[in-house]
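Only the coordinates and a few stated rules stand behind these numbers; no lab work does. None of the values given here were measured: they were computed from a predicted structure. Every residue, glycine among them, receives a Cβ derived from its backbone with ideal geometry; neighbour counts consider all protein chains shown.
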Amino acid sequence: MTATEDLRAEHEGVLRMLDILRAIVVRINAGQAESGQIDAGQAVPVTHLESILEFLRVFVDKCHHGKEEDILFPALEQGGVTREGGPIGVMLQEHALGRGHIRDMGAALAGQGGLSAFVAPALAYAELLTQHIAKENNILFVMADRLLGAPALTQMHEAFERLEAERIGPGRHEAFHRLLDDLAAEYLAA
Ligand SMILES: [Fe+2]
Ligand SMILES: [Fe+2]
């Protein structure tokens, strides 16, 4: 497997979580309309929102964005792709924006705002990451494949495996995929 194949596969998992997040927002809004209350706590268990935030903080930001920021982007820069005013700068800026939305979602769960304060940053995050992933898949990774080549990208994947083991530890990745399956069964089932 190459580094870009690994990142593309992770993008599929992230997009699935974004679908779940959007479905949850629909359920929160429907619950509020029905109950007429700001905090429709019955509609969605807070534990689900907390595990989604954990997925976004650890799987997406720490692990996936870590692989991009600490390993792939520096290799692209060495290959001549510019950071400032170029695609890498844009990707970094979007990672930072995403962190802001995650902070706002966390603050909503911790504070008195209730679920209604969760909705806006959740939708903003889902929109941001959907566009971001499309740019990486269709532009940046295509560039990386051409510039770095399969042998270097296969080696880079080994570096990704080490980063994952160090930062999130063994078994964690699989646990996140089980969480995705569980939440998809709950929120994405027809
Ligand atoms: Fe990214
Ligand atoms: Fe990515």
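Sorted into 5 angstrom bins from 0, the C-alpha pair distances of the chain split as 1, 7, 16, 19, 18, 14, 10, 7, 4, 2, 1, 0 percent. Across the stretch 165-173, coupling constants 3J(HN,Hα) worked out from phi with the 6.51/-1.76/1.60 Karplus curve, θ = phi - 60°, read 4, 5, 8, 10, x, x, x, 5, 4 Hz, and Gly and Pro carry x. Computed from the C-alpha gyration tensor, the three semi-axes of the ellipsoid equivalent to the stretch 105-190 are 32, 19, 14 Å, from longest to shortest. The GluC sites (Glu not before Pro) of the stretch 82-190 that meet both conditions, a loop assignment by DSSP and at most 15 other Cβ atoms within 10 Å of the site Cβ, are 84.
Here the extension length gained between residue 137 and residue 61 equals 25.6 nm, from 0.36 nm per residue of separation less the Cα-Cα distance.
In vacuum, with every alpha carbon of the stretch 127-167 counted as one equal point scatterer, what does the Debye formula give for log10 I(q)/I(0) at q = 0.23, 0.26, 0.32, 0.35 Å⁻¹? Two decimals, please. Once normalised to I(0) and log-transformed, intensities are -0.83, -0.86, -0.90, -0.95. Think of each Lys and Arg Cβ as +1 and each Asp and Glu Cβ as -1; about the Cα centre, that makes the dipole of the stretch 3-187 roughly 260 debye.
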